[in-house]
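Before any comments, here is the structure.
The values are calculated or read from the model by the stated rules, or taken from the named source; none is laboratory data. What you see is a predicted model, and the numbers here were worked out from it, not measured in a lab. Cβ atoms come from the backbone with ideal geometry, glycine included; neighbour counts cover every protein chain shown. Side chains included, ligands, DNA and RNA excluded: accessible areas come from the protein's heavy atoms. Shrake-Rupley method; radii C 1.70, N 1.55, O 1.52, S 1.80 Å.
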Amino acid sequence: MSRTLVIGDIHGGFKALQQVLERAGVMKNDQLIFLGDYVDGWSESSQVVQFLLELSERQECIFIKGNHDAWCEDWLNLGQKPDLWLFNGGKSTVESYADYSLEDLDIHLEFFQRMKNYHIDDQNRLFIHAGYASMHGPEKEVYSSNYRWDRTLWETAVAMDKKLSKNSELYPKRLLLYKEIFIGHTPTLDIGIKIPANKANIWNMDTGAAYTGSLSIMDIDSKQFWQSDPLPSLYPKEKGRN
């Protein structure tokens, strides 16, 4: 049977990506949904992108755009290298592209340009990098940057009273719009959790691969998940975003 698997923030950790795909036993008929932030952190950002390009030719993949991907896209397209990006992992991404031809850079740029802001499946499950501010969902979002930067959706779910019923007037209306919401962007390590974290109807798949954590992949139906080794052990001579 085919599965739908969701993958958290990779941040240039190509070795971790290879590990989780192998540990999950990914088959050609599995659908893969990537939640963004493919680059910036460990030394193999360009290798991650190249691998995903080739992977998408073999099986169904959905690529959500993260904030780091938007930065990388601006660099590939316009040559923009803001200090904020370079300081937050962009430097390692630029270095990983040192030997690429202009033709190959254009192919990678097209990959970033084709990414989706969010995806909603046939069971009303939302996949988005960070979140949204609109009470009417991402379709009505005024500022598209919220797809890649908003943390209030996750913070709301984390701070909620666990006893709060969906029928309560106090239940956040943003969360009622979807059966489930799958996000990345905010490491679960921030709340002391090393595995995919579930708060209200949100699943956070960013298990800190950019820092000291692992990369995670999960079957969205069974909720079975697999993780790579912690990234510092895969790249012992590097700092990632630490």
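Ligands, DNA and RNA excluded, the heavy atoms of V20 present near 0 Å² of accessible surface to a 1.4 Å solvent probe.
Taking 8 Å as the Cα distance limit and 6 or more residues as the minimum spacing, I'd like the relative contact order of the stretch 1-72 as a percentage.
On the way: 118 pairs, mean separation 27.3, N = 72.
The normalised contact order for the stretch 1-72 reaches 38 percent.
Segment E103..M160, full-extension length gain: 15.6 nm, with 0.36 nm per residue of separation and the alpha-carbon distance subtracted.
Within the chain, all pairs of alpha-carbon atoms sorted by distance into 5 Å bins from zero give the percentages 1, 7, 15, 19, 20, 17, 12, 6, 3, 1, 0, 0. K140 to K91: FRET efficiency via 1/(1 + (r/R0)^6), r the Cβ-Cβ distance, R0 41 Å, to the nearest 0.05? About 0.65, to the nearest 0.05. Each helix, a run of at least 4 DSSP H residues, gives -39500 (n - 2.57); summed and divided by the residues of the chain, these come to -8000 deg cm²/dmol at 222 nm.
Using only the heavy atoms of the protein chains and a 1.4 Å probe, how would E95, E57, E238 rank by accessible area, largest first?
The most accessible residue leads, giving E57, E95, E238.
Taking all protein chains together and rolling a 1.4 Å probe, S101 ends up with roughly 50 Å² accessible. Kindly flag which residue pairs out of K179/K199; K81/K116; K65/K194; K140/K199; K173/K194; K28/K194 have an alpha-carbon separation exceeding 19 Å in this structure. Cα-Cα > 19 Å for K81/K116; K65/K194; K140/K199; K173/K194; K28/K194; rest within. Surface calculation, 1.4 Å probe, protein heavy atoms: R58 sits at approximately 120 Å² accessible. The shape of the stretch 25-167 can be summarised by an equivalent ellipsoid whose semi-axes, obtained from the alpha carbon gyration tensor, come to 30, 20, 14 Å from longest to shortest. Under the criterion of Cα pairs below 8 Å and six or more residues apart, the relative contact order for the chain equals 24 percent. Across all directions, the shadow cast by the convex hull of the stretch 91-203 built on its C-alpha atoms averages 9.5 square nanometres.
Counting only alpha carbon atoms, the long axis of helix 45-55 and the longest principal axis of the chain meet at about 70°.
Comparing D122, D219, D229 in a Gaussian network model of the chain, where Cα atoms under 10 Å apart are tied by springs, the biggest mean-square fluctuation is seen for D122.
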